[in-house]
Amino acid sequence: MLLGALVGAGVPVDVLEDAVRAVAPEHVALRPETVTRNGFAATRCHVEVADSVTHRTWHDVAALLDAAPLTEGVRRRARATFERLAVAEAAVHGTTPDEVHFHEVGALDAIADVVGVAAGLEHLRLDTLVVSPVAVGSGTVRGAHGSMPVPPPAVAQLLRGTPSYAGPPTAPAMELCTPTGAALLTANATGFGPQPAMVVAEVGVGAGGRDPEGHANVLRLLVGHAVSPTGDAAPHGTNSPLLVETNVDDLDPRLWPNVIASLLAAGASDAWLTPILMKKGRPAHTLHVLVAGDRAEAVRTEIFRQTSTIGVREIPIGKHALDRDMRTVAVDGFTVHVKLALHNGVVVNAQPEYEDLAAVAAATGRPVKDVLAEAVAAARPLLDR
Ligand SMILES: O=C([S-])c1cc(C(=O)S)c[n+]([C@@H]2O[C@H](COP(=O)(O)O)[C@@H](O)[C@H]2O)c1
Ligand code: NI
């Protein structure tokens with residue numbers, strides 16, 4: 001339903017399919033179809049993959065994601081989604097994420113759902129994603145675990161702390177939100193509640209597989225820009241970025257790479273270290289974290305969890321970012337994604353994605369620098385100069 005909503009909101013299906021194919025070890029196709037659900041037009045996105053239900057572990061899925069030539073934003077969203085699924089599965093089965101065996105959610109079509117949605121959300125370059133109370137459904141459902149109540153255990157676990165309800169009285173007794181859907185919503189949401197004050201530009205309506213009488217089995221994605229309740233542009237500070245900093249002189253230096261990775265996974269836009277000398281000439285580091293206002297609390301929590309600091313300073317900061325877009329070029333018959341930067345609509349920079357270059361180099365045995373030179377040459381026509 002999320003894939004269909006993204007296509008309906010204007011995300012090119014190629015953007016979703018390219019990301020999915022970068023991960024899937026076998027052929028996958030995404031096929032959008034215009035359907036109606038209880039009489040309303042909607043987009044159903046079929047995921048066509050030749051795959052029986054394969055039981056993968058969390059690490060099997062993580063390895064697929066880590067090896068794939070994805071942008072870091074897509075990889076981060078997809079990893080965070082599956083990590084939530086692994087933690088929820090472990091909790092409901094009384095085991096650990098390392099021992100979790102995914103069933104349906106580990107199958108390629110579920111991996112395609114997660115990676116495709118991650119790519120679509122990245123393409124939209126959202127500052128915030130507000131999720132309305134989740135309709136989970138009612139009744140029972142059968143799966144690899146046999147018969148389960150709705151919401152099934154993994155969904156109930158994933159939606160802890162998130163507004164949810166059985167669904168409208170017209171909804172038939174059926175599962176309205178699966179574990180993959182619950183993980184995608186909660187891993188990518190920056191907030192929960194009714195529609196915020198906004199000017200809607202696009203409406204994507206994603207269709208579920210079933211079309212029950214009297215209930216529109218759809219998920220709606222409203223894309224637009226925030227305004228104040230009076231209709232003015234959103235006041236500064238609702239989501240303006242912050243620079244969060246702290247000096248740390250007593251953390252084992254081997255821990256810093258994981259600190260940076262966990263802050264990015266928690267939603268930081270960027271995180272870096274600078275070496276400093278503190279009082280008494282003690283060597284230390286300043287941790288700098290750039291974060292959007294509505295992810296600041298999640299990032300602060302992660303700083304206190306992962307480091308030894310007992311306090312941070314915060315500076316509201318202005319940001320001017322160029323518009324971005326993504327194109328592809330071919331090098332030795334392989335697809336290399338090229339990130340474009342646009343200033344006032346003019347393409348001023350075209351940067352091939354390193355992961356793709358490394359994948360071509362590995363596949364052809366050529367040095368990465370030669371592959372890079374060829375990709376830059378192939379991307380030159382994309383520049384408006
Ligand atoms: O695949 C797994 S691990 C799984 C766990 C659970 C639990 O509640 S535990 C339930 N299910 C059911 O499988 C289907 C498909 O789920 P997707 O998330 O892959 O769409 C659905 O009925 C789940 O309730 C799967
Ligand atoms: Ni389970």
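The numbers here are math on the coordinates, done by the rules we state, and not lab data. Keep in mind that this is a model prediction, so the values were computed, not measured. Every residue, glycine among them, receives a Cβ derived from its backbone with ideal geometry; neighbour counts consider all protein chains shown.
For segment 2-226, a simple Cβ point-charge model (Lys and Arg +1, Asp and Glu -1, everything else neutral) yields a dipole of about 520 debye relative to the Cα centre. When only alpha carbons of segment 304-351 are considered, Rg and Dmax amount to 18.8, 52 Å. Extension gain, Thr162 to Glu99, is 20.1 nm, computed as 0.36 nm per intervening residue step minus the present C-alpha separation.
Restricting the GluC sites (Glu not before Pro) of segment 154-221 to loop positions (DSSP other than H, G, I, E, B) with no more than 14 neighbouring Cβ atoms within 10 Å leaves Glu213. Here segment 242-316 is described by how far its Cα atoms reach on the three principal axes: 37, 25, 18 Å, from widest to narrowest. So if I take the centroid of the Cα atoms in segment 125-144 and the same for segment 154-206, what is the distance between those two points in Å? A separation of 4 Å, based on Cα centres.
Shape annotation for segment 195-354: C-alpha extents along the principal axes are 71, 50, 37 Å, from largest to smallest. The label point for Leu126 and the one for Glu48, both projected 7 Å from the Cα toward the Cβ, are 2.8 nm apart.
For the chain, the dipole from Cβ point charges (+1 on Lys and Arg, -1 on Asp and Glu) about the Cα centre works out to 760 debye, to the nearest 20. Put simply, the chain fits an ellipsoid with semi-axes of 34, 27, 24 Å; these come from the alpha carbon gyration tensor as the roots of five times its eigenvalues, largest first. Rounded to the nearest 20 debye, the dipole magnitude of segment 80-152 is 240 debye, with +1 charges on Lys and Arg beta carbons, -1 on Asp and Glu beta carbons, and the Cα centre as origin.
With q set to 0.17, 0.18, 0.28 Å⁻¹, the log10 of I(q)/I(0) for segment 124-175, from the Debye formula over equal scatterers at the Cα positions, is -0.60, -0.65, -1.08. Annotation: extensible slack from Glu213 through Leu277 equals 16.2 nm (criterion: 0.36 nm per residue apart, minus Cα-Cα distance). Mean residue ellipticity at 222 nm, helices only, the chain: -10000 deg cm²/dmol; runs of at least 4 DSSP H residues each add -39,500 (n - 2.57), and the sum is divided by the number of residues. Does segment 2-226 classify as rounded, prolate or oblate by the C-alpha gyration tensor (a ≥ b ≥ c root eigenvalues; a/c under 1.5 gives rounded; else a/b over b/c gives prolate, otherwise oblate)? Cα axes put segment 2-226 in the rounded bin.
Peptides 90-101, 371-382, 249-260 ranked from most to least packed by the mean count of surrounding Cβ atoms within 10 Å: 371-382, 90-101, 249-260. When Rg and Dmax are taken over the Cα atoms of segment 64-191, they come to 14.7, 45 Å. Divided by 2.2 N^0.38 Å, where N counts the residues, the Cα radius of gyration of segment 68-111 comes to 1.24. Just to be sure I understand the model, the point goes 7 Å from the Cα along the line to the Cβ. What's the resulting Arg254 to Ala298 distance in nm? Once both label points are built, they end up 3.0 nm from each other. Net length available on complete extension from Val368 to Ala341 is 7.5 nm, with 0.36 nm assigned per residue and the Cα-Cα distance removed.
What GluC sites (Glu not before Pro) in segment 1-38 are in a loop by DSSP, with at most 13 other Cβ atoms within 10 Å of the Cβ? The qualifying sites are Glu26. Projecting the Cα positions of Leu221, Phe334, Gly293 onto the charge dipole of the chain (unit charges on Cβ atoms of Lys, Arg, Asp and Glu, taken about the Cα centre) puts Gly293 furthest along the positive direction. Here segment 276-379 is described by how far its Cα atoms reach on the three principal axes: 55, 36, 25 Å, from widest to narrowest. Of the residues Ser308, Ala22, Pro257, the one whose Cα sits farthest toward the positive end of the charge dipole of the chain, with +1 on the Cβ of Lys and Arg and -1 on the Cβ of Asp and Glu, is Ser308.
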